[in-house]
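One structure is given here, and the rest of the page talks about it.
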Amino acid sequence: MSDLERRIDSRVDLNVPIRFRPITHPASEEQQGESANVSQRGVYMATSFPLTVGTQIELELRIPQELQGTATREVRCMARVIHIQADTFLDGRAGVGLRLER
């Protein structure tokens with residue numbers, strides 16, 4: 001089964017800054033990324049911070065008014081890294097698939 005066939009939720013292209021912190025390392029500083037697309041259950045982002053599959057992170061991003069029909073909203077949630085594609089973006093950042101957990 002292809003990745004496209006396994007997707008349950010439709011994805012929306014969304015390029016907004018993301019702030020995140022791996023929670024498996026409590027002393028970790030806040031890191032930066034940028035979303036490429038989002039769905040109800042996940043986010044695909046670009047980041048130069050080295051992550052590993054299975055890492056749980058706390059993330060924050062802004063959902064613009066155009067996507068939700070109400071004022072722009074800051075969202076904070078927990079997510080887990082489910083896949084990583086090295087050097088996906090032209091600037092050398094990795095593509096990181098996140099599953100939203102709460």
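Restricting to segment 41-80, give me the number of residues that are in a strand (DSSP E or B) and either within 10 Å of the chain's Cα centre (by Cα) or surrounded by 11 or more Cβ atoms within 10 Å (Cβ to Cβ) (or both). Explain how you work it out, then say what you get.
The initial filter retains those residues of segment 41-80 that are in a strand (DSSP E or B), namely 42-47, 56-63, 73-80.
So of that shortlist, the ones also either within 10 Å of the chain's Cα centre (by Cα) or surrounded by 11 or more Cβ atoms within 10 Å (Cβ to Cβ) (or both) come out as 42-47, 56-63, 73, 75, 77-80.
The total comes to 20.
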Exercise for the section: Would you check if there is a residue in segment 28-38 being at pLDDT below 90, on the phi > 0 side of the Ramachandran plot and part of a loop (DSSP other than H, G, I, E, B)? Expected result: no
Exercise for the section: Specify which of the listed residues (Arg7, Arg11, Arg21) is at negative phi, surrounded by 14 or more Cβ atoms within 10 Å (Cβ to Cβ), in contact with a Ser or Thr (Cβ under 8 Å, 6 or more places away or on another chain) and at pLDDT below 85. Expected result: Arg11
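If you go through segment 54-72 one residue at a time, how many are touching a strand residue (DSSP E or B) at 6+ places or on another chain (Cβ under 7 Å) and over 15 Å from Val43 (Cβ atoms)?
Looking only at segment 54-72, we keep the residues that are touching a strand residue (DSSP E or B) at 6+ places or on another chain (Cβ under 7 Å), and these are 54-63, 67, 72.
Within this subset, residues satisfying the condition of being over 15 Å from Val43 (Cβ atoms) are 54, 72.
Of the residues in that region, 2 qualify.
The values are calculated or read from the model by the stated rules, or taken from the named source; none is laboratory data. Given the structure is predicted, the values throughout are model-derived calculations rather than measurements. We place every Cβ from the backbone using ideal geometry, glycine too, and count neighbours over all the protein chains shown.
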